[in-house]
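The values are calculated or read from the model by the stated rules, or taken from the named source; none is laboratory data. Quick caveat: nothing in here was measured; it's all calculated off a predicted structure. So basically every Cβ, Gly included, is an ideal-geometry build from the backbone, and we count neighbours across all protein chains shown.
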Amino acid sequence: MSGTPVPWTRGGSDGRRHARLADLCGRGVDGSEHSRRALEWAAGEARLRGAVLRIVYALPIGLTRSGGPDPHVDAAARGLADLAALARQLDRRPLTVTNDIVDGLPVKVLIEESRHCALLVLGSRGHGGFANLLLGSTAVEVTARTACPVVVVPPGADVRNRSGAVVVGVDDSTGCESALEFAFARAAQRRARLVALQVWNLPRQFSGHSTADVDRVRSDSESLLARAVIPWQDRFPDVIVETRSIEGHVVAELAAVSAAGGEVVVVGGRGRSVVAGAFLGSVSQGLLRHAVVPVAIAR
């Protein structure tokens, strides 16, 4: 994205940042509802930031280097033009859209694009099925290796809901700071409520746990949550914050809380949670399967 800077955006080598919507199927745009939802979310985000929306299409078979006319390249160009026109029509507010056909495998193209942008928004396979895409190796590799935050828009998401809360998962992992930074900056920008959720469970060795054991683990969770949130609340004093410490499964609770009134759910991309006992990568991938709102994986 380029335009008004936001607190969590890192500067690129050329001083420019772009929001990038990438069609992962590497073929003609099929006009599916899944693709439209991802485009609509990305366009809304670009407008919110006063930024440029860049639509990237990966052709993995070397056709862009052939130099002559090719039906695949022509179809991709027409599809990109249609997507750009659609993005501009989704809202009356002005939006600058650029598009490009990039030669290369989708995973490599998207990872390279992420090095030059502030946010990467993943589209779907269209007729191939969004769930199949998310469970496939392409999306797993992309979300694990990008240099910038990634947002994945699930099927059925209400992409026009800009009034919901920003929900963020909190733990003691190395990726949590990035998630909190992204979540607070987004809540401040949208003047939205922020829900910080810490999910805990009893360690396996507590099979014969007592009330004191439960109270101790709950207290540790609440203390962890407070230590994590307070510095960011001081940095963003206008953001209304609700903290919740809940016993349960981290993916299930994040999905449930975000479904009950969230606009986006944010998690870190790496690290391990001691309290929740789960690798954060597994949490993000689990949310991609179960969340009904856009999932932001922060870097």
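A compact table of results
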| read-out | value |
| --- | --- |
| So ARG162, is it surrounded by fewer than 23 Cβ atoms within 10 Å (Cβ to Cβ) and at pLDDT below 85 | yes |
| Single condition PRO154 does not satisfy, out of (1) at pLDDT 80 or above; (2) in a helix (DSSP H, G or I); (3) surrounded by 16 or more Cβ atoms within 10 Å (Cβ to Cβ); (4) not aliphatic (A, V, I, L, M) | (2) |
| Qualifying residue in the range 252-266 (condition: modelled with pLDDT of 90 or more, small (Gly, Ala, Ser), crowded, with 20+ Cβ neighbours inside 10 Å and not in a helix (DSSP H, G or I)) | yes |
| Any pair with Cβ under 6 angstrom, 6 or more apart, that starts in the range 256-267 at a residue that is closer than 13 Å to SER163 by Cα and ends at one that is buried (at least 24 other Cβ atoms within 10 Å of the Cβ) and of a type in the set (D, E, K, R) | none |
| Filter result (at pLDDT below 80 and not hydrophobic (A, V, I, L, M, F, W, C)) within the range 67-105 | GLY67, GLY68, PRO69, ASP70, PRO71, HIS72, ASP74, ARG78, GLY79, ASP82, ASP91, ARG92 |
| Residue within the range 179-189 that is without any contact (Cβ under 8 Å) to a residue 40 or more places away in the chain and either of a type in the set (D, E, K, R) or in a helix (DSSP H, G or I) (or both) present | no |
| Some residue of the range 111-132 being at pLDDT below 75, surrounded by fewer than 21 Cβ atoms within 10 Å (Cβ to Cβ) and among the hydrophobic types (A, V, I, L, M, F, W, C) | yes |
